Every structure is written in structure tokens, then in C-alpha cells.
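Working notes for the structure below.
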Amino acid sequence: MGRGDKGEWVSNIRVVNEVSFIMLQESQLASLNGLDMGRFWGRGLFDFEHVDATGRFGGLVSIWDQNFFQKTSVHKHRYFLAVHGIIKGSGLNVCLVNVCAPQKINDKRALWRELKRFMQHNSTYWIVGGNFNSVRDRSERRNTKFNIAFSNEFNDFIDKVELHEYGLKGRKFTFVSGNKCSRIDRIFVSLNFLNDWPAAEYRALAREKSDHSPLVLKVAYRNFEPKPFRFFNSWIDRVGFDDMIKRAASNFQGSGAPDVCLMKKFKFLRNSILDWKKTILQMEEQEQHTIMLELEELDKEVECRDLLDEEQWTFWEGKKRVKELEEFKSKDLRQKARVKWAREGDENSSFFHGVANKRRVSNFIPGLSVNGVWISKPSFVKREVFSFFRNKFIEEMEERPYLECFDLKMLSDAEAESLVIPFSDKEIKEALFDCGSDKAPGPDGFNFRFIKKYWALFEEDFKKIFLQFQDTGRINRGMDGVFFHYSSA
């Protein structure tokens, strides 16, 4: 920070990227006395906190916009600077931790222990960033020594405090010195932060005045319209679901081509399921809350007297029902994460929450670079994606060349006839039932488990679709992806 050109460089990064909170590592200053902090921020009200360097090592500085963030407390350590505060306008409690990890492994271990102690048992939002002087796997180093034991300890620390990282764009390595490259700089967020802010732009910028890439994390609400429907297997086990599906299917009235009619039926069932889901989940939340209050009261009573037979029955039935409701939630988490856990029934919720949210964040498209210009507005992103794939399916060749082959082996008339005989009911059912029950759902959100469970409701629809295809060799426009999802093994 003592270099004259560093202040203007940091200030320009802040202004261009609309940054509200800056974390600087390795200030290498034993004191900030006499240093004009305004050079690093620019115009506007700001506040800052710092940890002085020890000799020529370390030094941390955090600077923030006073109109955006209100400091409530500060925790200082030789290797990290934690600023607790409130985001104005929303009232959210956030702790931003600025880290500059040491080189020696014993010092790192002590830092991981101290950070874990500091961060655990606190439900606030966490943003932890800086230079960790550690990598997570071998691919994050090049031309430098990789120690798998140190990497495992770093990963173990991240897992225990439940930190997660958005997908980094821009550069693979954040530190480059000569031909030595590594990714030792990162920004992590807590699980609750990831849940509430799945959309983010997380980028590594150009290294102009430093051998470290500045990292920019911009979280924002991206409205890509309603979330797609997805069927969860736990719904089948709930009381009333079976009757609701059969009742909805009997009330459906459709017309038109068989494939179009089937899609209309799926849409009708989807709307019925969504209405049922909204009602049943509210009822289950209220039921669980009521049961927990009853169990708490009975637990207090048992300290004073013996419970009556009716009260004992209520206690154990309540325990049983709460366990059943929690198992429903665990099944949903496993399905979201698409992970098969070692033991059936294990309720490691934090693990499944982490895996599910990592998948969601990694699959999210925060923006696109179009002709060198970064766009993040949802309507523009959807337009570019549509245009890209539409161009991929344009036929460039109006007339394709004919292929003439001589002396090829040919099928007999009987063999040729066998290829075009109508699909049998057995073939149709076997093709569908041979598909994995929990394979990725089709565009309508239903998986094969649902189709197999209620095959009697869809059997005639599929027969008509295959019969139509047998007669015409055509599928109606817009049905291609959905139809082949259910007809391909």
C-alpha cells in the first residue's frame, strides 16, 4: 500500500465494479499513520479497519461504504480481520472476514482452528475472502510443489465451517510469479448466504499492479421467471397424494393429437400437484410445530411426575411423526443433491444442503460475454442463449449429396417387414420400465418413478402416441424433446 500508484488502481477497480466493501491483504505497513486512505476509496463516505503488518509480513485493511454498511463490532487477529455489521435497507447481519494466511503449516493449522472457533455457533451471514496460501486440489497449482496433506486440512476446515464458493470466471489462477501459478486467493460464503443469494458474478480481474488477481464478488437477484417444476419421490409416500393424482387424472379432459394430449395431461397434473404441495407443506409445518410444543411440555412434566398411559402414547406417536416428517425432507435433499449416501436413512442435512446448493450455484448462469461485453440482465441472457442454439440448428446445405453403394448386403422381405411391424404393448412398457427411476426429469419435471407408479393412468396415452408415430412417422412440433425423453431407454 506504500506504492504511489496502488491507491488509484484500487479506487478505479472499486468505481468500475461498483464495490461496496474492499478487502486488502499484505499491506506491509506497520502503521497506517500518515497514509491517505481516500486514495484507495475515491469519492464518497467510507470507513475502515486494519491489522498492522508484523515486520514485512501481512497487514490487513477493510474499507466500506458507510451508506451501504454499518459497522457494529470488529474482531482483530494477526492473520484475519472480521468486521460485523448491518447492510442498510435490508437489516441483514453480515460478518466480512479478511484473511491473509501464513506460509508455515503449523501457523496455518492454528489459524484454521481459530477461525473455526470464531465462526461456529453463529447464524449470521459470512463472507470470507483473501489470501489463504493454500489450494484445494492438485489442479490449482502449476510449477509449484503440491502437498496433499495440507490441501486436505484446508478442505476439512472449509467443510467444518460450511463455507462454499461461487464458480470463478475470468482466470484459472489468481497468483502468478514467473512461470509459477496457483489459486491461493478466494472468496467463500456461508450456506445461508448461498441459499438466499444463489446468483452471483464472481470474477478474477487482470493483474496490473500486483502478482495477485483482484477478485470481485457481486451478488444480485436475477429473475429468470418462475422456477421449473420438479417431482420429488417423497410425495408418493405422503397420505392423500395417491388419491389426489387419480382424481386429477379422472377429471382431465383433453383433445388433439395423442402426444399433445399427453403433454396437456402432464400440465394438468402438474398444476394439481402444485396446489396440493402448497397446502400439504403448510399443514406439515404447522403439525410439526404443534407436536414439538407438545413434546416439550411432556418432557417438562416427566421431571415432576410419571406420565399417564395416554400421555406416553402421545409422546411416542409424536416422536414417530416428527421423524417421519424429517425423513421426507432428507429424501428431498438427497434427490436434489443426486448423491447416494452410504447408509440408507442417514440424515446428514448439512452435507446434502451443501451439495445441492453447490450444484445449483455451479449451474447458474450469472451472465454472458457477448462480443467482449458482459451482460447480466435476464432478458438479454435468454435472448443470446436462444439465438446461439437457434443458429446451431439452421440447415446450411440446401441439397445434400446422394450416396450410392453397390453390392451391399440386403435384408430379406421377411426381415424388412419385421422392422415395421406395430409396437407391442409389452415392448412399450419394457422400454419405459427399463429406464432408471431417478434419472434426470424431462422438460415437464416428472421422472420415470412417477410414470412407473401411475402407469395405468398413462398406458393408453403412450400406446396412441406410438401408433400415431407408426402410421405417420411424425411427431408434432414442440413435442420432440418431451416425447423422446419418455420413449428412449
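The values are calculated or read from the model by the stated rules, or taken from the named source; none is laboratory data. Fair warning: this is a prediction, and the values are worked out from it, not measured in the lab. With ideal geometry, Cβ positions are generated from the backbone for all residues, glycine too; neighbour counts draw on all protein chains shown.
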Please state which of the following conditions residue 30 fails to meet, knowing it meets all the rest: (1) aliphatic (A, V, I, L, M); (2) in contact with a helix residue (DSSP H, G or I) (Cβ under 8 Å, 6 or more places away or on another chain); (3) surrounded by fewer than 16 Cβ atoms within 10 Å (Cβ to Cβ).
(2)
May I ask you to list the residues in segment 54-93 that are at pLDDT 90 or above, aliphatic (A, V, I, L, M) and over 24 Å from residue 113 (Cα atoms)?
63, 86
Out of 52, 36, 107, 47, report the one residue that is acidic (Asp, Glu) and closer than 22 Å to residue 218 by Cα.
47
Candidate set: segment 130-168, residues that are of a type in the set (Val, Ile, Thr) and part of a loop (DSSP other than H, G, I, E, B); chosen: the one nearest to residue 25 (Cα to Cα)
135
Looking only at segment 189-221, filter to residues that are crowded, with 19+ Cβ neighbours inside 10 Å and in contact with a helix residue (DSSP H, G or I) (Cβ under 7 Å, 6 or more places away or on another chain); which one of those is nearest to residue 369 (Cα to Cα)?
214
Inside segment 1-66, counting only strands (runs of 3 or more DSSP E) that do not spill past its ends, which hold 1 or more residues that are among the acidic types (Asp, Glu)?
46-51, 60-65
Can you tell me which residue in segment 372-431 is surrounded by the most Cβ atoms within 10 Å (Cβ to Cβ), limited to those that are among the basic types (Lys, Arg) and over 30 Å from residue 199 (Cα atoms)?
429
Go through segment 245-289 residue by residue and tally those that are modelled with pLDDT of 90 or more, under 20 Å from residue 328 (Cβ atoms) and hydroxyl-bearing (Ser, Thr, Tyr).
1
Find the residue count for segment 70-93, including only residues that are surrounded by fewer than 20 Cβ atoms within 10 Å (Cβ to Cβ) and either under 27 Å from the mean Cα position of the chain (by Cα) or closer than 22 Å to residue 193 by Cβ (or both).
16
Does any residue of segment 37-45 turn out to be closer than 20 Å to residue 210 by Cα, surrounded by 21 or more Cβ atoms within 10 Å (Cβ to Cβ) and in contact (Cβ under 8 Å) with a residue 12 or more places away in the chain?
yes
